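Quick notes on the structure that follows.
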Amino acid sequence: MAKYIIKRIAMAIVTIFAVATVTFFVMNMVPGGPFMSEKAISPQAQAALNEKYGLDKPLSEQYITYMSDLLHGDLGLSVKQRGRTVNMIIATKFPVSAKIGGMAILTAVLIGVPLGSIAAFKRGTPVDNVIIIFSTCGIAVPSFVVCTVLMYVLSLKLGLLPTFGLTSWKNYIMPVMALSFYPSSYIARLMRSSMLDVMGQDYMRTARAKGLSQLVSIFKHALRNAILPVVTYLGPLLAYTVTGSFIVEKIFTIPGLGSEFIGSITGRDYPLIMGTTIFLATLMVIMNVLVDVAYKFIDPRINLK
């Protein structure tokens, strides 16, 4: 296990380095600069700003400087939020996104796993058909449509929930519902197909032949093996969701990392774009390693190499 983790950490470092390199050069290939949109800025002031943030140097020198700072954990200064470092922005905004994302993931698992298991248990019945329709719609409908429908029904028509900000517990309901709609639907379909596959295995027939009730055999034997694909999906999903769905945060005016990332792209805040991308890539790699380790605990027969 220790050897495997060390190997994955080494691979993670290479992956993060590759992501940082590609993002840096692709970002700098885009015409223009972060100060091109500044109103009434003189060429002298623009040159001074470029010099301050090191943007007047050759691209290769900028890259070496950035990667050197990155090795020391320094993600640089934001060029739009003057006086604030990228580390400071991520430290401030990430907890907001993580809180909403964590609630959304928990909701998705609590809804998706039971629905998928019930659909497999009731295969071919109207209950199964209803769950399949629900999960298909959840996968097909874009998140901005879900947000719009929730705001129209729960806020505009019924007046039950606020539409922006995070001033009370009611503000969390619609963002969590919107964020969990797709993953709960996907998990339900994933769990259904996996459960059907497991229920057809020889050891399940043996368990029923020994007199175990179908309910006991499902919860004691089938669920533990059927949930492995869901665990695989949860790794990258968790990394993406806890950093905040960009669209959901923008629509509900949530001051999280997702909205900051959108703002950095539209404002060409190069250090913030780099910092949030590297942070997301790092989180993604960590989640994948944790998922692989979780495999071993869920099914000891799995051999990590």
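The values are calculated or read from the model by the stated rules, or taken from the named source; none is laboratory data. Quick caveat, the model's predicted, so the values are computed rather than measured. A quick note on method: Cβ atoms are made from the backbone with ideal geometry, for glycine too, and the neighbour counts reach across all protein chains shown.
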Please go through (1) of a type in the set (A, V, I, L, M, F, W, C); (2) part of a loop (DSSP other than H, G, I, E, B); (3) crowded, with 18+ Cβ neighbours inside 10 Å; (4) modelled with pLDDT under 80 for ILE302 and return the number of the only condition it doesn't satisfy. (3)
List, please: which pairs have Cβ atoms under 9 Å, are six or more places apart or on different chains, and start with a residue in the stretch 8-34 that is under 17 Å from TYR66 (Cα atoms) and end with one that is exposed (fewer than 14 other Cβ atoms within 10 Å of the Cβ) and at pLDDT below 85? PHE24/LEU59; PHE25/LEU59; ASN28/LEU59
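Taking the stretch 91-108, which residues are surrounded by 15 or more Cβ atoms within 10 Å (Cβ to Cβ) and either among the polar types (S, T, N, Q) or in contact with a helix residue (DSSP H, G or I) (Cβ under 6 Å, 6 or more places away or on another chain) (or both)? Break it down stepwise before answering.
Restricting attention to the stretch 91-108, the residues satisfying the condition of being surrounded by 15 or more Cβ atoms within 10 Å (Cβ to Cβ) are 93-94, 96-101, 103-105, 107-108.
Result: LYS93, PHE94, SER97, ALA98, ILE100, GLY101, MET103, ALA104, ILE105, THR107, ALA108.
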Only helices (runs of 4 or more DSSP H) wholly contained in the stretch 1-75 count here; list those with 3 or more residues that are modelled with pLDDT under 85 and not aromatic (Phe, Trp, Tyr). 2-29, 43-52
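Examine the stretch 188-199 for a residue that is modelled with pLDDT of 75 or more and surrounded by fewer than 16 Cβ atoms within 10 Å (Cβ to Cβ), and state whether such a residue exists.
Here is the first cut: in the stretch 188-199, the ones modelled with pLDDT of 75 or more are 188-199.
Next, from what is left, pick out any that are surrounded by fewer than 16 Cβ atoms within 10 Å (Cβ to Cβ): 193, 197.
Taking every residue of the stretch 188-199 in turn, at least one turns out to be modelled with pLDDT of 75 or more and surrounded by fewer than 16 Cβ atoms within 10 Å (Cβ to Cβ).
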Looking at (1) closer than 30 Å to SER155 by Cα; (2) buried (at least 24 other Cβ atoms within 10 Å of the Cβ); (3) over 12 Å from the mean Cα position of the chain (by Cα), which is the only condition THR276 fails? (1)
Are any residues in the stretch 54-90 under 20 Å from ALA20 (Cβ atoms) and buried (at least 18 other Cβ atoms within 10 Å of the Cβ), and if so, which ones? LEU55, TYR66, LEU70, LEU75, GLY76, LEU77, SER78, VAL79, VAL86, ILE89, ILE90
